[in-house]
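Scroll down for the structure; my scribbles are underneath it.
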Amino acid sequence: MERRSSKISRLRKLWKQKHVTQITILAMAVTLLGILIFFYVFSSGADISTLEAGLAQSTVIYDQNGEVASKISANKNEGVPITKIPDHLKNAVIAIEDQRFYSHNGIDLIGIARAFFRNITAGGIVEGGSTITQQLTKNALLSPEKTYKRKIEELFLARKIEEEYSKDEILEMYFNQIYFGEGAWGIKSAAAKYFGKEPEALTASESAMLAGIIKAPSAWNPYQDFEKAVERRNTVLALMKENKFITNEQYETALSEEVELNDKGGDPFHGQFPYYVDHVFAEAIEEYGLTQDELLTGGYEIYTELDPGMQTAMETAYQNDSLFPEGKEDQIVQSGAVLLDPATGGIRALVGGRGDHVFRAYNRATELKAQPGSTMKPLSVYVPALENGWSPEDMLKDEKMKFGNYEPRNYSDHYRGEVPMYEAVQESLNVPAVWLLNELGIDSGFDAAERFGIPLKKEDRNLGLALGGLQEGVSPLMMAEAYSVFANNGEKAEAHAITKIVDAEGNTIGEWKETSTKVTTKAVSDKMTTMLLGVVEDGTGTGAQIDGRDLAGKTGSTEVPIEGINGVKDQWFVGYTPQLAGAVWVGYDHTDESHYLTTTSSEGAALIFRNIIENALQGTEPAFFNVPRISDYEEKSRRQKFEKELEEFEEAIKKEKGKWKDKLKKEAEKWERKWKNQGDEDDD
């Protein structure tokens, strides 16, 4: 013990002799002075001239030629003066983001320390360390990279902003430039997006919820996770009470207030080709792992398969109300369409609905799940039949019949006894298709449909598969991709919009690698194309016919599933040229006793398809399929029919000839006996 005390005494003596305390204090003072000088010099030279211009980065969408097709600008908000922002909204943001906002000079060391310990205590992030000024700096002036250099720049710029602007001016710029998720930039957009209000009309509860979103829009978005967003709101309200921004009574009132979301935010950007951009976002999120917030704020460059001319042609068609069936006052007839390159799978054009576009809302071109009707017949019946040795001119039964409890009927309720396969396709006859699938076996049709990329359930393993009676349903994109097989010699190239994604630093973070799958043979595809050409040339799809161009395709419709209603629920036309494959769906979003179609696909979807394709291919050289024409099968069928009838006639003649021969022989024998008997009588 004495030895240890002796050592400590010697150390203290040495410390005093060497003036270590003074040296340490002097070193710390010099260091601090150096930091302050460094800070002053650099902050005084910081450039904040572009601050009021707002967020400058945009995510840029490029078309197939590398030209800018659309920009999602980060500064798509309408400014609100600080006088129009209620105190409880300002206080909510200050409580959760920067409690010492009015007392610091842009950098809050006390706040950073407090936030650190509070987050440790809470077991998660409940309070941020960056000041409001720092957040404004990094959002409005700096790149999104996370480096020490950028953090130092942020400190300098924050200090400079505090020198140049008042606290209210800083707060006003912050409210008008911060991102609240769901494509809402600035408080005006956010108030409309989440509550359908102007900012000045927000309640304390609503203000607290919006303030809670700022730190992590994806995590605390009430549209994505309502309960989590309410918990976050409650945290903000508690901090407001703790900091005496609201009274206990106001806290209890706000806490008990029921949150009512009301989206009146509209489109967060007003760039070109909104539905195509929607799908690009969806693909970037689903296939490349990005988030919507990253796409809206990250300044990405996204290269796509978009053909602006084709997209314009499609959008123009969708603005032409005369092409579509007339809807009702409370609900318009909706539609979705897509065009893609059958050789590559590249999506050239896409529209997901009629009427006003809402950012990333329901996209009927890609998200629809509707029964495909007769457009399913080539995939689940006729392709497997051709693969199993049947020919387009082979005869199929067409008569009323039952398959267990299932009794299909033709649309016209007319039956011909038997028809050649090509005619059954051309006239979209139901009974021959079901009969043929029954002959092939349901497994054969099920397997073929899955090869074409149609999502099936175990409940779909029945004869209704022939007529498109699916449990889940399909989208126009699925059907266009399936029919592209026929235009691509039996190969299915995977449909896609994005070819490459480049981040704000110029790094390629995602790139498309072409993939294709052999679905069937070229011979089968060619025979199917011949029959589908016949549908457009002289069958149910004549409404899609384009002079001077080859177009093959199939109509489809489904019945309203309500007893006593004789109407159409879904209209389809799916078709292709040598250059393009596409699909159009038409129908109501909500079919009921008052909302259904009264026309067939030949009068609706086929006409829309023709308008789109005709204008999309305007200025391009016509291309033709190198396949036999339906007239060749018709001639072959007529010849076979003639030969069969001739054979039957000859057989009948032979039978008649034999009958006459027998008859003559019997008559001769009869007369011979008669003459013999007469001779015998004369002898007597």
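General remarks:
- Footprinting exposure proxy ranking of K138, K513, K654, fewest other C-beta atoms within 10 angstrom first, gives K513, K654, K138.
- Segment 211-282 versus segment 373-405: alpha-carbon centroid distance in Å: 55 Å
- Kirkwood Rh, Cα atoms: Rg over Rh of segment 378-454: 0.95
- Cα gyration tensor shape of segment 476-593, rounded if a/c is under 1.5, else prolate or oblate by comparing a/b with b/c: oblate
- Each residue of segment 374-381 was assigned a 3J(HN,Hα) from its phi angle through the Karplus expression (A = 6.51, B = -1.76, C = 1.60, θ = phi - 60°), giving 6, 5, 7, 4, x, 7, 9, 10 Hz with x at Gly and Pro.
- Charge context of V230, other residues only, Cβ under 11 angstrom, K/R +1, D/E -1: -2
- Amide H contacts of E418 (H built 1.01 Å from N, under 5 Å, at least 5 apart or other chain): D398
- Among the listed pairs K197/K244; K160/K188; K90/K138; K402/K654; K160/K228; K138/K241, those beyond 31 Å (Cα-Cα): K402/K654; K160/K228
- Take each peptide in 354-361, 277-284, count the other Cβ atoms within 10 Å of every residue, and average; sorted highest first, the result is 277-284, 354-361.
- The ranking of T291, T133, T620 from fewest to most other beta carbons within 10 Å of each one's beta carbon is T620, T291, T133.
- Packing-based exposure ordering (other Cβ within 10 Å, fewest first) of E329, E301: E329, E301
- Expressed in units of 2.2 N^0.38 Å, where N is the residue count, the Cα radius of gyration of segment 298-406 is 1.53.
- Around the amide H of A69, modelled in the peptide plane, lie the amide H atoms of I61, Y62, D63, all under 5 Å away and 5 or more residues distant in sequence or on another chain.
Read-outs throughout are calculated quantities, based only on the coordinates presented, and are distinct from any laboratory measurement. Worth saying up front: this structure is predicted, and the values here are computed from it rather than measured. Note that each Cβ is placed from the backbone with ideal geometry, even for glycine, and that neighbours are counted across all protein chains shown.
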